[in-house]
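Contents: one structure, followed by commentary.
The values are calculated or read from the model by the stated rules, or taken from the named source; none is laboratory data. In this text the structure is predicted, and so the values were computed from the model without any measurement. Every residue, glycine as well, gets a Cβ built from its backbone with ideal geometry; the counts of neighbours run over all protein chains shown. Heavy atoms of the whole protein, side chains included, go into the accessibility calculation; ligands, DNA and RNA do not. Shrake-Rupley method; radii C 1.70, N 1.55, O 1.52, S 1.80 Å.
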Amino acid sequence: MPEPEKTEKITVNLGLVDLGQIDLLVREGFYANRTDFIRTAIRAQLATRAAAVEQTVARRTLVLGTQHFSRADLERLRDTGQTVHIRVLGLATVADDVTPELALQTIAVVEVLGAFRASAAVKAALAPRIV
C-alpha cells in the first residue's frame, strides 16, 4: 500500500485585519507564505497545550499517530470472535480490500481525531459506529 498522505487540507475563515497582518509578516520575510504562518501558529498553540493532549490521550486510550488495519488483521479478529475499538489521534486507515461485511463484523467503534481513511463502502457501513 502506498504511504498515506501526511497532511489534511482544512479551510479557515479569517477577518480582514488578521489576514492583513499575516500578509504583512509574510511580505516582511518572517514567514514564507500564509500557510507557513498558520502552521507555525498552530504548532505553537499545540505546544502550549501539550500536557492536556497527553493526559487526554492517556485517559481515553487513544493511539497517538497512525494505525492501520489490514484485511488479515480484521480476519484474525473475526476468527477469534473479537472486535476492535478504533481510537486514534492522527490517522486511522482500513485497507482497501476490506469488505463492508468484514468491517461490520470486527469494528465496534471508530473514534478518530484527525483523519479516517477507508473505502467509501466501508465508511458507509460503519457510519453509525463513527463517533
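Leaving out ligands, DNA and RNA, what percent of the accessible area of region 6-131 is carbon and sulfur, probe 1.4 Å? Reported share for carbon and sulfur atoms: 55 percent. In degrees from 0 to 90, rounded to the nearest 10, what is the angle of the helix 34-48 Cα long axis to the longest principal axis of the chain? That helix lies at roughly 70 degrees to the long axis. Computed on the chain, with alpha-carbon pairs under 8 angstrom and 6+ residues apart, the relative contact order is 17 percent. Solvent exposure of the chain, expressed per residue, is 69 Å² of accessible area, with all protein chains present and a 1.4 angstrom probe.
Distances between placed amide hydrogens fall under 5 Å for T66 paired with L91, all partners being 5 or more residues away or on another chain.
Each of the peptides 90-103, 63-76 was scored by the mean count of other Cβ atoms within 10 Å over its residues; in descending order, highest first, they stand as 90-103, 63-76. Convex hull volume of the C-alpha atoms in the chain, normalised per residue: 135 Å³.
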